[in-house]
Amino acid sequence: MYHAMYASMLAVASAIIATIASLSRRLAVAASLAGAVVSTASSLVALLNTDGRVCMLLSEVCITPLRAYNLLLVSLVYLLVALSLPAFYRISVEGEGRRLYIPAINATFALLLLLVLSNNIFMMWVLLELSTLLTVYLVAIRGGRASEAAWKYLIICGVGMAFSLYGLVLIYSVGVAEGIEAPWLLTSLEGRLKESRLTLLATLFIIAGFSVKAGLFPGYMWLPDAYAEAPHPVSALLGGVLTYMPLYSLLLLLQAIPCHALVSVIVAVLAILSILTGAAGMLATRDAKRLYAYSSIEHMGILALLLACYRGLQGLQEDLAGLALVAFNLHALAHAIAKASVFIGVGGLEYIFRTRSIDEMDVSAEKWIGWPLFAHTLFLAGIPPSPLFISELLAILVAAADPLLLLATLVSLFAGFAALSLQAMRLYAVKRGVRAACTRDIHAPIKTCLILSIVVLLAITVSFLSGVELKGVWGW
Amino acid sequence: MTLPEYIAVPAIAMIVTAMLISDEPRLDRAAKLYSLQSTLLAIVFVLMALHGDVYLFAWAVSAIITKTILVPLILLRLVKRTERHESRPILGSTATWLLSGVCAAAGIALGLSSLRGVEGLLLGVSISLFLIGLIQMTVRRSLVKQLLGFCHFENGSHLTLAVMAPGLPETVEIGIATDAVLLILVGSFVAHVIWRFYRTLDYTRLCMLREEG
């Protein structure tokens, strides 16, 4: 079991070393790639060796099957972003040549890998906040409109995180009042706190804060601008993993603290509204990056819905609750890989056509990027053999526990599917008279990312359907 | 822990400084007033430490280094490189003071209804700072004032932690203090980039983001 712990610490250490090494411009890209490869390999070893819980460093960090799974999730997105860096670094858009650009990307992944392992509720908050601040810097780095987007991101998420800190302080003080030892640790709180008005208030504060960071309704306003204006590897980082981490943190917190029925209802309502907002946004936009940004809002809504079902059904229908957790984990991994790849692909297209407008890109003519990107779009829309098809089907099965929830889920999922499909037809339609503005070859790294991620997504589907099981994480 | 009533004096003074910061049109003076507010926070920590929670001496030192010295220096550097005066705010001086007063009263009432005695008052001060910070971020146009609004949040959160979260590991306090400095550092960087492009720190004039097509 300690092999899993050591492997996971190696994953974090490799990202930290990559951060330091990438301060040298000559080594930046290579160090990032090396760090990402070691991190992914270590996460895989951790996942294969984990069984039960092991904690270290005065229980400040822990490894469980769920945490090892998420460690691999973050590492895979890290690998995709690192693979794309040679393409985008070569292009060298203004600001991305800054010395701290690549170290900041590596540092963000190091913080997120540590967050996955953290057992301290306040350190989780600190790591999430620090990764937010680093990505604000990365979004602003291009200047101009990007700086405006970064400011919006900073203010809205900063206020949200302040609310969540209050919630965590309340949880801690309730733990102290109930005589729990080390109430800053999730493992100390598990099953020990009693339901009360204070824990309800605390949970609501935490959800208010984390939902803003996750881009859920109504605090999503920062997301489309930040995703669209950020450099492309940063968009991949944001879309792949950064907006998912608050939901992951919420999952861990809700497993440790009492979850009132009202909380599940509120989260479910926010989730449905987020899916519908994402669908509406996708229909309204003509910007390719904003299209996939609104798609992220939709998918974060789906994850929040599964989280609400998981906690709401615990104690009532344990089978369905377990299924909701499985669907949550499956959806999180598949979305992370698909979304990160999509932003990398769209970045390549923006460079080739010098525009993000859906109507001015002849995507079908760029077969090495266009067709894999099209496949990813189908995956994101939930068309088989996408793993997202399976997770959304499971979401419908779980939602069937309540007729009203089932209706809302069906309507919102269909809205999301229809919106992305309509826009995809527009994006991938043949456009005569549109020529590529730049012929400089950036295909190789981007093609590698897109094809690798298609292989991984198909592997996820095959392994899930063939009955591969990870206890407490996924499997029939 | 039984706290003496005179701790209320620097605590209430923190609210007064928050109101003064909100109303102050000169941004360099506002940054210096924030330094004063953070010094008052450190004094509150020292007084609390003298009456039981000895670890708060370390919090006081950390507050002096990060919030009294570093954060105001970062803000003063930003003001020096950009603009010294705030654009006309959305709300006038009288309205700002009234609104801040209402926030302060609401915060203190909430604090005293949650905890008794001086602890309740300190909690009320932290909630007041939070609310005044929120108002400041909404009604003041200057990005520097919005950053200072964040600083009120940070001081409010720090005070809440001291009152309601005794015995926190030192690593947590270091993490939260580091986050406070980094937030202002990153915010200053972004504000400076905005200034280079827009030649203003008035957020109502930042309207370049539009949907394309």
Close pairs (7 angstrom Cβ cut-off, 6 or more residues apart or separate chains): among the hydroxyl-bearing types (Ser, Thr, Tyr) in the range A:339-358, open to solvent by less than 10 Å² (accessible area, probe 1.4 Å) and assigned to a helix (DSSP H, G or I) anywhere: A:Ser341/A:Leu80; A:Ser341/A:His376; A:Ser341/A:Cys449; A:Ser341/A:Leu450; A:Ser341/A:Ser453
Verdict on A:Val37 being β-branched (Val, Ile, Thr), within 27 Å of A:Gly347 (Cβ to Cβ) and open to solvent by 10 Å² or more (accessible area, probe 1.4 Å): yes
Those residues of the range A:235-254 which are surrounded by 24 or more Cβ atoms within 10 Å (Cβ to Cβ), touching a Lys or Arg at 6+ places or on another chain (Cβ under 8 Å) and free of Cβ contacts under 8 Å to residues at least 60 places away in the same chain, in sequence order: A:Thr243
Matching residues, the range B:136-176, being charged (D, E, K, R) and either surrounded by 23 or more Cβ atoms within 10 Å (Cβ to Cβ) or in contact with a strand residue (DSSP E or B) (Cβ under 9 Å, 6 or more places away or on another chain) (or both): B:Arg140, B:Arg141, B:Lys145, B:Glu154
All positions within the range B:128-155 that are facing chain A (nearest Cβ under 8 Å) and either free of Cβ contacts under 8 Å to residues at least 60 places away in the same chain or at positive phi (or both): B:Phe130, B:Leu134, B:Met137, B:Gln146, B:Phe150, B:Phe153
Index of the failed condition, A:Val212 passing every other in (1) open to solvent by less than 10 Å² (accessible area, probe 1.4 Å); (2) farther than 20 Å from A:Val176 by Cα: (1)
Positions within the range A:11-33 being under 22 Å from the mean Cα position of the chain (by Cα) and not polar (S, T, N, Q), in sequence order: A:Ala11, A:Val12, A:Ala13, A:Ala15, A:Ile16, A:Ala18, A:Leu33
Any chance B:Gly111 is within 30 Å of B:Val61 (Cβ to Cβ) and either more than 8 Å from chain A (Cβ to nearest Cβ) or outside any helix (DSSP H, G or I) (or both): yes
Any hit, the range A:183-191, residues being without any contact (Cβ under 8 Å) to a residue 24 or more places away in the chain, in contact with a Phe, Trp or Tyr (Cβ under 9 Å, 6 or more places away or on another chain) and open to solvent by less than 20 Å² (accessible area, probe 1.4 Å): yes
Conditions (1) more than 10 Å from chain A (Cβ to nearest Cβ); (2) at pLDDT 85 or above; (3) over 10 Å from the mean Cα position of the chain (by Cα); (4) closer than 26 Å to B:Arg81 by Cα: number failed by B:Leu159: (4)
Helices (runs of 4 or more DSSP H) wholly inside the range A:251-353 that include at least 1 residues being closer than 19 Å to A:Met221 by Cα and among the small types (Gly, Ala, Ser): A:261-284, A:288-313
Condition met for B:Leu143 (more than 15 Å from A:Ala162 (Cα to Cα) and either of a type in the set (Val, Ile, Thr) or modelled with pLDDT of 90 or more (or both)): yes
Residues located in the range A:87-106, provided they are at pLDDT below 85 and either surrounded by fewer than 22 Cβ atoms within 10 Å (Cβ to Cβ) or charged (D, E, K, R) (or both): A:Tyr89, A:Arg90, A:Ile91, A:Ser92, A:Val93, A:Glu94, A:Gly95, A:Glu96, A:Gly97, A:Arg98, A:Arg99
Filter result for A:Ile257 (at pLDDT 95 or above, open to solvent by less than 10 Å² (accessible area, probe 1.4 Å) and β-branched (Val, Ile, Thr)): no
Some residue of the range B:181-200 being open to solvent by 10 Å² or more (accessible area, probe 1.4 Å), more than 9 Å from chain A (Cβ to nearest Cβ) and not in a helix (DSSP H, G or I): yes
Qualifying residue in the range B:78-90 (condition: open to solvent by 50 Å² or more (accessible area, probe 1.4 Å) and either in contact with a strand residue (DSSP E or B) (Cβ under 8 Å, 6 or more places away or on another chain) or within 24 Å of B:Leu47 (Cα to Cα) (or both)): yes
Evaluation of A:Ser84 against (1) open to solvent by 10 Å² or more (accessible area, probe 1.4 Å); (2) part of a helix (DSSP H, G or I); (3) farther than 23 Å from A:Met124 by Cα (one fails), failing number: (1)
The lone exception for A:Gly52 - which of (1) small (Gly, Ala, Ser); (2) more than 24 Å from A:Phe88 (Cα to Cα); (3) not in a loop (DSSP other than H, G, I, E, B) it fails: (3)
Lone unmet requirement of (1) open to solvent by 10 Å² or more (accessible area, probe 1.4 Å); (2) at pLDDT 95 or above for A:Met56: (2)
Filter result for the condition that a residue is open to solvent by 50 Å² or more (accessible area, probe 1.4 Å), in a helix (DSSP H, G or I) and closer than 24 Å to A:Gly160 by Cβ, over B:Leu99, B:Leu70, B:Leu75, B:Leu129: B:Leu99
Elements of type helices (runs of 4 or more DSSP H) in the range A:99-183, at least 3 residues being within 20 Å of the chain's Cα centre (by Cα) and within 8 Å of another protein chain (Cβ to nearest Cβ): A:121-140, A:145-177
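The values are calculated or read from the model by the stated rules, or taken from the named source; none is laboratory data. All figures in this text were calculated on a predicted structure; none of them were measured in a lab. FYI the Cβ positions are ideal-geometry reconstructions off the backbone, even for glycines, and counts take in every protein chain you see. Heads up: the accessible areas ignore ligands, DNA and RNA and are worked out on the full protein's heavy atoms, side chains in. Shrake-Rupley method; radii C 1.70, N 1.55, O 1.52, S 1.80 Å.
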